[in-house]
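Take a look at the structure set out below.
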Amino acid sequence: MTTADQAPGAGAGTEPAAEPSTAPAGPGAERPAAESAAAEPAALTQRLAAESTVTVVEPAPAALPVAAGGGAKAPVAAARQPAHRGAESTPYNDILHRVLKPPVRWWLNHVVMRITLDGVERVPRGEPLIFAGNHSSWLDGPLVVIESPRTVRCLTKVEMYKGIVGWLLRLVGQIPIDRGKADRVALHTALDELARGNAIGVFPEGTRGSGEMAAVQHGIAYLAVHGRCRVLPVACLGTGDALPKGARWPRRSARVRVVFGEPFAVEIPANPRSRKALAAVAEDIRVRLADHLTTARATTTD
């Protein structure tokens with residue numbers, strides 16, 4: 001925070017002290033100084049004291065940041081400081097999602113597969129949000145994108161960006177991420193999306209597996225903390241049976257459920273760049289996602 005400039009004319013904070021002068025000044029100045037001092041010692045002493053008084057000018061108070069409920073304006077530089085060191089990615093135009101998702105969703109859910117949705121009403125609109133799902137099948141990512149009532153851009157491994165599949169992923173705005181390193185471009189692109197009030201999708205287990213949420217990567221904690229957003233758990237049930245590894249087409253005989261949970265906020269640590277603090281946040285997220293997965297399975301109906 002910078003301080004405001006001093007008041008005009010304040011200089012170093014004082015005006016220069018007036019120096020005693022021997023020039024005539026005021027009534028009785030025509031008499032010699034010695035005679036005046038002898039005749040009016042008290043009056044001369046009082047006048048000289050008044051003329052040599054130092055005037056102190058207090059500096060202007062420093063500008064204070066805006067507090068909750070009002071207050072002084074914060075400095076312009078502080079107000080313009082970005083929330084993160086973003087990648088300054090180009091905003092994604094989601095017109096394809098808004099126009100094509102409803103018919104594609106109906107065709108997928110009723111013709112290609114048998115998919116039921118639960119908890120769609122829990123998905124908040126108009127706020128940055130992280131969709132976090134379990135990962136046991138290749139279907140999980142497309143289902144989160146298609147079944148969500150709002151546009152979701154998922155972090156997708158770079159290995160998928162080949163041929164027509166890669167072209168399609170870019171067309172629908174998915175974000176490539178290199179899982180073999182700390183991909184800052186991907187993370188900051190996701191943070192840019194959150195800063196715009198949009199939603200991203202993450203599968204924090206890191207790769208396809210049992211989908212039991214036994215462990216999660218710390219990247220989701222980084223995004224939740226630095227993106228200052230809530231996390232919405234998503235349970236994809238039955239996708240491993242509908243499209244097991246090696247299968248090229250989903251089985252319509254397998255029942256699939258997509259269950260959206262209640263969004264929750266994470267605790268922002270005092271040092272958001274501490275690996276230990278982010279690990280604690282990641283573990284808290286893992287426990288909440290595992291609880292949602294257990295609840296979704298317990299409420300499964302035939």
Of the heavy-atom accessible surface of segment 87-161 (probe 1.4 angstrom), what whole percent is carbon and sulfur?
61 percent
Ignoring any ligand, DNA or RNA, what whole percent of the accessible area of segment 181-302 comes from carbon and sulfur when the probe is 1.4 angstrom?
49 percent
Once the Cα gyration tensor of segment 196-276 is diagonalised, what are the square roots of 5 times its eigenvalues, in whole Å and ordered largest first, as equivalent ellipsoid semi-axes?
31, 14, 10
Where in segment 167-192 does the amide nitrogen come within less than 14 Å of the point 7 Å from the Cα of GLU283, taken along Cα to Cβ?
none
For the pair PHE264/LYS157, report the inter-label distance in nm, with labels modelled 7 Å from Cα in the Cβ direction.
2.7 nm
Which value in nm describes the separation of the simple spin-label points at ALA298 and GLU212, placed 7 Å from the Cα toward the beta carbon?
1.8 nm
Identify the chymotrypsin sites (Phe, Trp or Tyr not before Pro) of segment 113-173 meeting these criteria: DSSP loop state and at most 11 other C-beta atoms within 10 Å of the C-beta.
none
Cross-link reach from LYS101 to lysines, straight Cα distance under 30 Å and at least 8 residues apart if same chain, gives LYS157, LYS162, LYS245
Charged-residue dipole, Cβ positions (Lys, Arg, Asp, Glu), segment 99-218 about Cα centre, Debye nearest 20
320 debye
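The values are calculated or read from the model by the stated rules, or taken from the named source; none is laboratory data. All figures in this text were calculated on a predicted structure; none of them were measured in a lab. Because the Cβ atoms are built from the backbone with ideal geometry, glycine has one as well, and the counts that use them run over all protein chains shown. The protein model used for the area step is the full one, side chains on, heavy atoms only, and it has no ligands, DNA or RNA in it. Shrake-Rupley method; radii C 1.70, N 1.55, O 1.52, S 1.80 Å.
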